[in-house]
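Q: Structure provided below as structure tokens; questions to follow.
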Amino acid sequence: MKKIAAFLEQRPFCLFVLFLLLAYLPVFLPFFHVKNDLVTQNLPTRFVISESLYSGYFPWWNPYINFGIPQYGDMNGGYWNPLLWLIARTTGYGIWAITLEEMFYVLMGAWGIYLLCKEQQTTQKTAILTGLSYMCGGYILGHLQHFCWITGTAAFPYVLLYFIRVHKSPLLKNYLTGGLFVFLWTSATHPGLIIGGLYFFLFLTAAIYLLRKDLLRDLWHPKFFQVTGTFLLISLLLSLVVIVSDGDVLRHIPRGHKVSLDQSLLDPTTFPSYLSLLFPLAVQTSNLFHTDISMRNAYIGLLPLCFFILFCLTTPGKGLLTTASALLFFVLLSAGGLFKTFAWHYLPLTGHVRLNGEFSYFVGLILLLAGAAGFEAYQRNDRYKQKGDQLLRWLQGICLLALAFSVCLIFFRHSSLLYEVAPSGKGFKEQIKWTIDHLHFADLLALQSLIQLVTLTGLLSTKPLTSFSPVLIIVMVNGILISWLTLPFTGLGMASKANRQELISQFPKGIHAPEQWPLNATVYLDSSYARDLILLGSYSKKIGYIKEKYPVELNTTSAFFKDTALVSFIRRQSYLFLSKDTVMGTPTDFDSARIHIRQFGPGCLKAVIDNKDYHYLTFLQNDYPYWKIRVNGQLTPHFRGFRTFLTIPLPPGEQEVEFYFDPTPVRTALILHGLILAAALGLLWNKKTRDITLFRR
């Protein structure tokens, strides 16, 4: 065992891969799938991108969500994420592809934390234990379904790492590599984490300035603000296409403005949820926590928690004050309530974020990194060893009290699964689900207290605590157990991956023209799966699935859906139809004998129309800037018909009509971004240029 541990200590990346496979084993098994937003929002948009590329179309436009949106305008979807394009262009997207992609992000984030600790010159032990704690931390376990948050947890440690490196050593390679990671971060993650990250760096910049003469003197450069400003400028240049495309779409969607105050207070990480710092299983049930189950888990591991407390007890006042200020800010911001109300009114950008629990990522990150600093102090200073052991014993005592309390609840209040009668005749998976659904707070608290007691006893019996092998094994076993027990609540659905894949791949591969039937007669996926998959139009690749719900909706589409009579009228039409007029109730025709579809793709339709008695042609796609229409090869002005749809006047006779979406400003930004990216990679490749110092001390 010692030889294996020594081998893994010398090859920490192999250790991280091994721990990922063990801690997330249920995710890798074929019997379950990651549920909720991952399969209802993130996979369907990626699926459309990969299907578009398979058919030879550049996926500027998604025709299937709310009657069409610019695909790059889906800021939840990570449209510009390079890994997305690699997968979409090669294997294509399915349930296995997106699951493995997410596991890669979990590994990438943990390795980033390891590198971040090493940059701060911690021991190998501290860096490894902190990285492993991050990998199975409560934020990741709780939000596994929120794919676009996990991408943020993967990239942000590297952004922070290179922010630190440029201030230590302002070499061109540090600036360019940092800018590339900023691009990966902004292109892949949810805007809420980017907003939170801006405030995180605001606190960090202030901390460097305030502590420039003592704790953070190695990050202080005589030209500090020039160093910081250059990093920001290079990051903006390397994220050009993301900035341009987001700026383009924000003018046309409701999310371009603040959400309502009521919406901005949704799903916080409430103060009672921080019980999860010591008892993460206990918050997985009960209504004591007053928020969605996915927002409650703040677990960072027993060692980081203990040594965060030691950090607080041993850090000089100014350093502790700056850390506590940032921590308190994010605790209050993620908790909703009065502070979030204040933030909604007065703090820029925070009013655009609906789910406050998203900001708790920064709470966990600060706790974890401060805990790493505390553990480092414990290892290097004999005065702190006794205090650290004492803190572990205090945590052990708290767990013992929690165990006694939970046992009292079980036996005196009968608050337990023990008093439930299990139904007969259920299969193994159904029995698991029934058991999970009927666990009580007392059951989970008792189980978690017992696990933590055993873990703490093992740690206290390891002398010294800095011995790598036994501590590593104890920490890994604790993380694996908690991951396995937590995943069924917030991460995994009971259906198999094969079942989900079979559902989403029922229709022929690639993009094909839908049938020219009324929308209310169009065949989508079985509506019984609407709750599990939601975006049935995307999976079936059919326009007009009326019941779609999605964060991205154009302002004109929102107005359309509010007009129920008009919605009912449109549902009786096909996606391309002729009409006498552009008012509700006008005579229409979409007979395939008169409308011949020659080509159909995302943002592209060609048809030959034999028009005898009608005056207008309507394509049920939202009228967004950059749509162009040609009739017999000539550009033809169009207008917005039936509140939101592309409509043109059509002369009588046989007409060849072409609709195509051509976002010239975004396309130009993509070309410029490609040139900037190529230049950055070229400078990094050249040994002479990459080591240029931009600012000398």
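Q: If I fit a long axis through the Cα atoms of helix 95-119 and take the longest principal axis of the Cα atoms of the chain, what angle between them do I get, 0 to 90°, rounded to 10?
A: Helix 95-119 sits roughly 40 degrees off the main axis of the chain.
Q: Against the longest alpha carbon principal axis of the chain, how many degrees, from 0 to 90 and to the nearest 10, is the axis of helix 441-461 turned?
A: The answer is roughly 50 degrees.
Q: Ok, one more. To make sure I understand the rule: partners must be aspartates and glutamates, Cα under 13 Å from the Cα of Lys35, and not fewer than 8 residues away in the same chain. Which ones qualify?
A: Reachable aspartates and glutamates: Glu102, Asp532.
Q: Just to check I understand the Karplus step: with θ = phi - 60° and J = 6.51 cos²θ - 1.76 cosθ + 1.60, what whole-Hz values come out for the range 339-353, glycine and proline as x?
A: 5, 5, 4, 4, 4, 4, 7, 10, 9, x, 6, 5, x, 8, 9
Q: Here is a further query. Which whole-number percentage describes the relative contact order of the chain, with Cα contacts under 8 Å and a sequence gap of 6 or more?
A: Taking the mean separation of contacting Cα pairs over the length of the chain, I get 19 percent.
Q: Okay, next question. When only DSSP loop residues count, what trypsin sites (Lys or Arg not before Pro) in the range 496-567 have their Cβ near at most 16 other Cβ atoms within 10 Å?
A: Lys509, Lys547, Lys549
Q: Using only alpha carbon pairs under 8 Å that are at least six residues apart, calculate the relative contact order of the range 619-697 and give it in whole percent.
A: 27
Q: Sticking with this structure for a sec: Relative to the longest principal Cα axis of the chain, at what angle does helix 124-135 sit, 0 to 90 degrees, rounded to 10?
A: The two axes meet at around 40 degrees.
Q: If you don't mind, there's one more thing I want to ask. Dipole magnitude of the chain about its Cα centre, charges +1 at Lys/Arg Cβ and -1 at Asp/Glu Cβ only, in debye to the nearest 20?
A: The calculation lands at about 2100 debye.
Q: Right, here's the next one. What trypsin sites (Lys or Arg not before Pro) does the range 583-614 have in DSSP loop regions with at most 14 other beta carbons within 10 Å?
A: Lys612
Q: Quick check: pseudo-label points 7 Å beyond the Cα along Cα→Cβ at Ile546 and Leu401, how many nm apart are they?
A: 5.9
Q: With just the Cα atoms of the range 187-329, tell me how far they stretch along each of the three principal axes, in Å, largest first.
A: Principal extents (Cα only, largest first): 49, 49, 24 Å.
Q: If I take every Cα pair under 8 Å that is 6 or more residues apart in the range 277-378, average their sequence separation and divide by the length, what percent do I get for the relative contact order?
A: 39
Q: Hey, what do the phi angles of the range 199-208 turn into as Karplus ³J(HN,Hα) couplings, whole Hz, using 6.51/-1.76/1.60 and θ = phi - 60°, x for Gly and Pro?
A: 5, 4, 6, 5, 5, 5, 4, 5, 5, 4
Q: Separate question: Assuming R0 = 45 Å, what is the FRET efficiency of Gln263 and Met494, from their Cβ-Cβ distance, to the nearest 0.05?
A: 0.90
Q: Specify the inter-centroid distance of the range 385-418 and the range 1-69, based on alpha-carbon positions, in whole Å.
A: 37
Q: Sticking with this one: Under a straight-distance cross-link criterion of Cα-Cα below 16 Å, which lysines are reachable from Lys340, leaving out those fewer than 8 residues away in the same chain?
A: Leaving aside lysines fewer than 8 places away in the same chain, those within reach of Lys340 are Lys258.
Q: Loop-only GluC sites (Glu not before Pro) in the range 331-438, please: DSSP not H, G, I, E or B, and at most 16 other Cβ atoms within 10 Å.
A: Answer by residue number: Glu420.
Q: In nm, what is the difference between 0.36 nm times the number of residues separating Arg383 and Glu502 and their Cα-Cα distance?
A: 36.8 nm
Q: Points 7 angstrom from Cα along the Cβ direction at Ser325 and Trp484: gap in nanometres?
A: Here the modelled spin labels are 4.6 nm apart.
Q: Report ³J(HN,Hα) in whole Hz for each residue of the range 517-532, in order, from the Karplus equation J = 6.51 cos²θ - 1.76 cosθ + 1.60 where θ = phi - 60°; Gly and Pro get x.
A: 10, x, 4, 6, 10, 6, 8, 9, 5, 3, 5, 5, 9, 4, 5, 7
Q: Right, another one. Please report the net charge: other residues with Cβ closer than 14 Å to the Cβ of Tyr54, K and R +1, D and E -1.
A: Result for the neighbourhood of Tyr54: +3.
Q: For the range 516-578 and the range 606-620, write down the distance between their C-alpha centroids in whole Å.
A: Each part reduced to its Cα centre gives a spacing of 21 Å.
Q: Further question: May I ask you to derive the FRET efficiency for Arg11 and Asn287 from their Cβ-Cβ distance with R0 = 56 Å, giving the value to the nearest 0.05?
A: Efficiency, from the Cβ-Cβ distance: 0.75.
Q: Gln120 to Val583: extension gain in nm, 0.36 nm per residue of separation minus the Cα-Cα distance?
A: Here the segment from Gln120 to Val583 would lengthen by 160.0 nm.
None of the figures in this text is laboratory data; all of them are computed from the coordinates on show. Quick caveat: nothing in here was measured; it's all calculated off a predicted structure. Glycine gets a Cβ as well: all are built from the backbone with ideal geometry, and neighbour counts include every protein chain shown.
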